[in-house]
Amino acid sequence: MACSNQMSKNNVTFRLDNEKRVALDALAASMERNLSYIINEAISLYLEIHQWQLKEIHQGIAEAEAGDFATDAEVGGIFEKLTNVG
């Protein structure tokens, strides 16, 4: 029996303003890819960014609920490091 590593695919229909469509078509042409590839890449990046952000938010909430805060000295040290440009 053959094993396929390809994920199942579903069609999705949505409205897209003309400006975005033209930009996506131009990008696809310049990359020698089809529109489906470009849209899938864009969605993958969107999901990656927002999933990371949500994970960081939940981690921060858990740390705050556990009382895990930076001390005044730690905050002051980081502030000085970031504002001391030379």
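The values are calculated or read from the model by the stated rules, or taken from the named source; none is laboratory data. These numbers come from a predicted model, not from an experiment. Here the Cβ positions follow ideal geometry from the backbone for every residue, glycine too, while neighbour counts run over all protein chains shown.
A few points about this structure:
- Complete set of residues in region 56-86 that are at pLDDT 95 or above and of a type in the set (Asp, Glu): Glu56
- Filter result for the condition that a residue is exposed (fewer than 10 other Cβ atoms within 10 Å of the Cβ) and either among the aliphatic types (A, V, I, L, M) or within 20 Å of the chain's Cα centre (by Cα) (or both), over Ala28, Ala23, Ala73: Ala73
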